[in-house]
1. For residues that are at pLDDT 95 or above, of a type in the set (Phe, Trp, Tyr) and either in a helix (DSSP H, G or I) or open to solvent by less than 10 Å² (accessible area, probe 1.4 Å) (or both), tally how many sit in segment 340-385.
2. Can you tell me which residues in segment 433-481 are in contact with a Lys or Arg (Cβ under 8 Å, 6 or more places away or on another chain), part of a helix (DSSP H, G or I) and free of Cβ contacts under 8 Å to residues at least 60 places away in the same chain?
3. Within the set of pairs 6 or more residues apart or between chains, which connect a residue that is over 18 Å from Tyr485 (Cα atoms) inside segment 195-217 to a residue that is open to solvent by 10 Å² or more (accessible area, probe 1.4 Å) and among the basic types (Lys, Arg) with Cβ atoms less than 7 Å apart?
4. Considering Asn566, Asn613, Asn570, which residue is part of a helix (DSSP H, G or I), open to solvent by 40 Å² or more (accessible area, probe 1.4 Å) and touching a helix residue (DSSP H, G or I) at 6+ places or on another chain (Cβ under 8 Å)?
5. Might you check whether a residue that is open to solvent by 50 Å² or more (accessible area, probe 1.4 Å), modelled with pLDDT under 95 and more than 27 Å from the chain's Cα centre (by Cα) occurs anywhere in segment 132-153?
6. Please enumerate the residues belonging to segment 256-272 that are out of contact with any Pro (no Cβ under 6 Å at 6 or more places or on another chain) and surrounded by 17 or more Cβ atoms within 10 Å (Cβ to Cβ).
7. Consider Gly565 against the criteria (1) within 29 Å of Gln282 (Cβ to Cβ); (2) modelled with pLDDT of 95 or more; (3) not acidic (Asp, Glu): it satisfies all of them except one. Which criterion is unmet?
8. Among the residues of segment 128-158, which ones are within 18 Å of Leu179 (Cβ to Cβ) and aromatic (Phe, Trp, Tyr)?
Amino acid sequence: MSKVKTMLKIGGGAVLLAAIVAVFVVATHGRDPDLEALEQEGREYIFHLDKMAGQRKNRASLAEWAYTSNITKENEENRIQVQLELSKLEKQAWEETKMYRWQDFQDQSLRRMFKKYCQLGVSALPDDKYKLLMQSVSGMESNYATSKICAYKNETKCDLSLEPDITEIFSKSQDPEELKHVWVEWHNAAGARARQNFTQYVQLNNEAAKLNDFKDVAEWWQSEYEVPNFEQQLAKLWEDVKPLYQQLHAYVRKRLRDKYGDHVVSAKGPIPAHLLGNMWAQTWSNIESFTRPYPDKKELDVTQAMQQKNFTALKMFQMSDEFFRSLNLTAMPEKFWQNSIIEKPADREIVCHASAWDFYDGEDFRIKMCTRVEWEQLKVVHHEMGHIQYYLQYRDQPVTFRDGANPGFHEAVGDTIALSVSSPKHLRRVGLISGDAEDEQTEINQLYKMGIDKIVFLPFAYTLDLFRYGVFRGTTPPEDYNCHYWRLRDELQGVEPPVNRTEEDFDAAAKYHVSADVEYARYYVSFIIQFQFHRALCQLAGEYVPEDLTKKLVDCDIYQSVAAGNALSNMLKMGSSKPWPEAMEALTGQRAMRADGLLEYFRPLHEWLQAENQRTGEYIGWESSKIQYCTPEQQSAIAAKKAPDTTPET
């Protein structure tokens, strides 16, 4: 046994395999091996492997950072080269790890580590296919990051990029023709051009899934959530939230119709996607100024206050750091301030999509963000800082457990903090708004502003991965990509494209996460569970008492609550060392994802919307879009597929 032990420590390749096989041959010939000794061997092996994995992840992250913070051909080639080298090492380790009978080990944590290391990921592909997969994702990502479009009514000005130019047009313009032009041009540039790469990516990614013992990538992605009925859970959460969303949708459609007229926005149809203040119609905060319930109430213009107080990108990050420290959580390390990129550099192309980075060495954590001094961006800063705080809290876990309890947990942490930061109580505390406490009308305005961010996002997020599940399973073939994408958005979100679409288009890839191969159900889960987290933390902070109108959830600010901070820290420290229901229970006392926290938070708004929509006689829900995005042949094929099934759609 000691011979095996020595080799385990140095990772002795083929010799190691032979030695392990010899142990198992002895074991299967009826002699009772010392299971404890075998388990100890396994423990030493897996911790050595874990240390090596940390070093590999560090190298991969550094190469990835170099590329996304300076998009050049050279950096792209270096990134792919590093990924190729590391995938070979990972494959070797995977082959060794699979030799262990870890399922028989007593130590649950050890079994969990082995289980995680027995999934190789995309490195399971042969080298040539792995390289093709990396190139297809890289191709989509760099196309997305470098896409430029021409200005409306000025065909010679063709240098508009998504950040800040196009985003600014969507936030400020109220000319439906300009918005339509920009929407179409962006979807042509960032979407249609990615179709070929995407089709190849799907095929190769599915091959990798099979090599990891999954039917397809849909099953693989869902396995991260460690529950057998994940998709049914998503559907159930949507059924719970749908009545609230439909009221909000009907109200917004009425306000848009009042502004743009019946010829632009119909009374009973979906809302045209380009009119909602955001390229993907995923949040509608930018139309708040002319749709809010009580327009005469003085608006809390936090952006203006930030600019008057000479806020900078750095100050926004320092403010967020101070909030976490007030909860007795960890301050940002010195390296964070040295290495992060928090403003858009003038001298090079970078991926501006905000992101938080863990370099797996326990001390290097960074954010890359093209920060603008405005209120929405301050919330994004807290979101990204939430990721870093999670990294800091679980940095002492084995590398394989340095992750969120499930992907949605990681997204929810910073957003949970942002719910406190967004409360009028906190904004007054930090001098970003002044004046008296809120009356009922101001509170409805405030909840509405939150609702067109948090509630309207849910069907968009749900749609994005439902679409990709169909693609990965082969029920949505390449020739039906765009038709199926818009069918889901029409049915679930009640939005329609501004112009007819065909299969020449590929609108899903005009969204970063599709082009960059990022699973999206995590955001859907996050937007539900952040309200569960918020409610639990608010109770611990003594800021929320059920049924007490002086301690409402919407007014809660957990700033400076050490009790709330310690409870949050206890959950974050677990990383992914336990299945997520245990992490959920540790903080909230609940073991399931539930929408009741969100519904309670928005209850006053829901009641107001019902009364208002009844008063104006609004149609609740929407009829199918009149815009064509599927051909008659595609529609017939969909109808034929649906015909034999008599169960109602969820």
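1. Total satisfying the criteria: 2.
2. Within segment 433-481, Thr463, Leu464 meet the criteria.
3. Leu204/Lys129; Glu207/Lys129; Asp216/Arg473
4. Values: Asn566 fails: touching a helix residue (DSSP H, G or I) at 6+ places or on another chain (Cβ under 8 Å); Asn613 fails: open to solvent by 40 Å² or more (accessible area, probe 1.4 Å).
After applying the criteria, what remains is Asn570.
5. Yes, some residue in segment 132-153 is open to solvent by 50 Å² or more (accessible area, probe 1.4 Å), modelled with pLDDT under 95 and more than 27 Å from the chain's Cα centre (by Cα).
6. Of everything in segment 256-272, those that are out of contact with any Pro (no Cβ under 6 Å at 6 or more places or on another chain) and surrounded by 17 or more Cβ atoms within 10 Å (Cβ to Cβ) turn out to be Leu256, Arg257, Val265, Ser266, Gly269, Pro270, Ile271.
7. (1)
8. Of everything in segment 128-158, just one residue is within 18 Å of Leu179 (Cβ to Cβ) and aromatic (Phe, Trp, Tyr), namely Tyr152.
The values are calculated or read from the model by the stated rules, or taken from the named source; none is laboratory data. All figures in this text were calculated on a predicted structure; none of them were measured in a lab. Note: ideal-geometry Cβ built from the backbone for every residue, glycine included; neighbour counts use all protein chains shown. Ligands, DNA and RNA are excluded from the accessible area calculation, which covers all protein heavy atoms including side chains. Shrake-Rupley method; radii C 1.70, N 1.55, O 1.52, S 1.80 Å.
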